1. Could you list, in sequence order, the residues of segment 325-345 that are surrounded by fewer than 21 Cβ atoms within 10 Å (Cβ to Cβ) and assigned to a loop (DSSP other than H, G, I, E, B)?
2. Does Trp331 satisfy the criteria of being aromatic (Phe, Trp, Tyr), within 12 Å of ligand 1 (Cβ to nearest atom) and in contact (Cβ under 8 Å) with a residue 40 or more places away in the chain?
3. Restricting to segment 346-375, give me the number of residues that are open to solvent by 40 Å² or more (accessible area, probe 1.4 Å) and either closer than 13 Å to Asn304 by Cα or in a helix (DSSP H, G or I) (or both).
4. Checking the conditions here, which among Thr449, Thr455 is of a type in the set (Val, Ile, Thr) and more than 16 Å from ligand 2 (Cβ to nearest atom)?
5. Determine, yes or no, whether Tyr503 is within 16 Å of ligand 1 (Cβ to nearest atom) and touching a residue at least 40 places away in the same chain (Cβ under 8 Å).
6. Give me a count of the residues in segment 458-479 that are away from ligand 2 (no atom under 13 Å from the Cβ) and on the phi > 0 side of the Ramachandran plot.
7. Would you check which residues across segment 480-505 are away from ligand 2 (no atom under 11 Å from the Cβ) and in contact with a strand residue (DSSP E or B) (Cβ under 9 Å, 6 or more places away or on another chain) and list them?
8. Tell me, which residue of segment 269-294 that is surrounded by fewer than 17 Cβ atoms within 10 Å (Cβ to Cβ) and within 29 Å of Thr499 (Cβ to Cβ) is nearest to ligand 2 (Cβ to nearest atom)?
Amino acid sequence: MMLTCFALPGFAAGERTAAAVSPDGRLAIMLSLEDGVPRYSVARDGRPIVLPSVIGFRFAEGEPMSRGFESLHSESRVIDETWQPVWGTDEAVNDRCTETVVHLVKPSGRELIVTLRAYDDGVAFRSELPSAQGFSDYELLAEETEFRFAGDHTAWWIKADYDSYEHLWNETPLSELDAANTPVTMRTEHGLHVSLHEANLTRYAGMTLKGSDDDELALTCELVPWPDGVKVRGTAPLLTPWRTIQVGETAGALIESHLIENLNDPCVIEDTSWIRPMTYIGIWWGMHITKETWHDGPRHGATNENVRRHIDFAAKHNIGGVLVEGWNTGWDKWGAKDAYDFVTCYPDFDLPALAAYARERGVELIGHHETGGDVPTYERQIDEAFELYRSNGIKAVKTGYAGGIYPRGQHHHGQWMVEHYRMVVEKAAEYGIMLDVHEPIKPTGIRRTWPNMMTREGVRGMEYNAWSEGNPPEHTTILPFTRMLAGPLDYTPGIFDITFNDYKPNNRVYTTIAKQVALFVVLYSPVQMAADLIENYEDHPMFRFFRRLPCDWDETRVIDGAIGDHVTIARRSGMNWYIGSITDENARTVRVPLDFLGETRPYSVTIYRDAPTAHWETNPTAYEIIGESMSPGDTLTLELAPGGGAAVTLSPHKY
Ligand code: NOJ
Ligand code: CA
């Protein structure tokens, strides 16, 4: 009964229920109060997606805020705005939804305010507990919010881990998911795609999801704890992040959604002119494959000479930046407390001279702060560290938190670190610095508010191919539909020497070279790396694609995709289109109807693709580059090798 009326676009909120219905009338989120317990549910076209699920909070002291509510009242409004991101996958974003604010009141007068939002591409809700008599300083022991799904969907998930998102993805029935980090993406038996995540994670703990004992299709919020088990401490009001459920008819629709950004506040940085997407190379892969070392010595990577060589290469090939890791003292004590010094250079690295050398050549030097998880030491030095970069004209810094967090017992994804990561974003903005964070907290859309928060890892990236059993061919066909829904990722694609036998004969990359090029488009990052040693790019025809790559897009369209199998994404910058198409371990023919091209005139098309004999395992570097002329009515056919891909540029003919 409830679900039937729920589906009706004209549904009127009764006394014990309230709802928000999406602008297209198809998606609805409802909150009802029965026996004093608030439960929300979600449906699309009348079909349930989330069955009535509890929203609740339990504190160290005071009454539980999960039951005992006696009344409910609500008010609704329509939001219909368009905003321009400083950078992103589309030049303008529509923020259109219905919002219903529901007040649930206890006999004591204590209130739980739940805000529901229904967009065409998903729903979200967040809870607020205002300050009240006996509710000021609080310790939250549990958020008991549930997600009771209506079917045993196919789910893609990584295991719950309070310190890392660097895992391979599982594909299982939802009922087999025991504990996961978000996003978790699902496909229903009707082919609907649903992804569960959170938006605007601020002064709160990261959410993981736990399977439930009494309902195998239910997941419960499990917040990452402080060392003493408390989940969130603060002073009222308590405001949770948005709990988000993206919904799309196709897998690709999830990628095109801007739900997560729409649930964040507008940009607070007044002058954003210094925030600029860019491509970059780095003194980086050499360390991972043991050609070089981070610490000084005979194989030190960050030497004056080597940095200058990279700056020259970047200047010559139109690359925006050069990352330099291993420039500061402390790498010989990696992992120890108080190891790193963020202002003292190794003797063979002259920071001011190299910064000037880069500036003169129009190249950004990208700084590096590896904390090794030693957050107190970093916080002590952070002003001095950012000032050193600022005063040398360095505008981008990669940070890292490899290893357990000091103080021990704190987790990367707990509230304490959520607040640390945010403090660093705000401080970087003060110093005019863009960030690329490794071992980060997951993205939740704060880039809208703080667009200097460019990109981050939070993914099992390229480095795993250097020193582990590697990332299988299907890995990058899952990421766009899961991790990437949360935000940009610094995967660091572009390894051309696929087997790097000169350095590590037992490790390799599990793709063809054409797929490495395609990843530059598929794996969106506003600061996008070509990760290989520069000697592997010098004079390589496939590198031409990267030299032209914009990292900021006016439009993004997903042509086709199936999670874990393949994906093809087209992105526009001005009048030019770029297409990236990748497959898992299976060969595939991909057809791209060119009806999305804006102009009626012909386009010059350059295709960087697998050669007919290419195979990720046996013949990964066989490629060809083809030039053609095509028109908007044509269909582009791409033959992808096993573990392969293709990258395409399309520019309208000049009149
Ligand atoms: C792990 C990061 O993911 C990697 O990019 C970096 O090179 C090392 N830590 C050292 O900071
Ligand atoms: Ca890492």
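1. Selection gives Thr329, Trp334, Gly335, Ala336, Lys337, Asp338, Ala339, Asp341, Val343, Thr344.
2. no
3. 8
4. On the way: Thr455 fails: more than 16 Å from ligand 2 (Cβ to nearest atom).
Being of a type in the set (Val, Ile, Thr) and more than 16 Å from ligand 2 (Cβ to nearest atom) holds for just one of Thr449, Thr455, which is Thr449.
5. Considered against the rule, which asks whether it is within 16 Å of ligand 1 (Cβ to nearest atom) and touching a residue at least 40 places away in the same chain (Cβ under 8 Å), Tyr503 comes out as yes.
6. Taking segment 458-479 as the starting set, the residues that turn out to be away from ligand 2 (no atom under 13 Å from the Cβ) are 469-470, 472-479.
If we keep only those that are on the phi > 0 side of the Ramachandran plot as well, we get 470.
The qualifying residues number 1.
7. Pro480, Phe481, Thr482, Leu485, Ala486, Gly487, Pro488, Leu489, Pro493, Gly494
8. Looking at residues that are surrounded by fewer than 17 Cβ atoms within 10 Å (Cβ to Cβ) and within 29 Å of Thr499 (Cβ to Cβ), I get Thr290.
The values are calculated or read from the model by the stated rules, or taken from the named source; none is laboratory data. Since the structure is predicted, the reported quantities are computational estimates derived from the model, not experimental observations. Every residue, glycine among them, receives a Cβ derived from its backbone with ideal geometry; neighbour counts consider all protein chains shown. Side chains included, ligands, DNA and RNA excluded: accessible areas come from the protein's heavy atoms. Shrake-Rupley method; radii C 1.70, N 1.55, O 1.52, S 1.80 Å.
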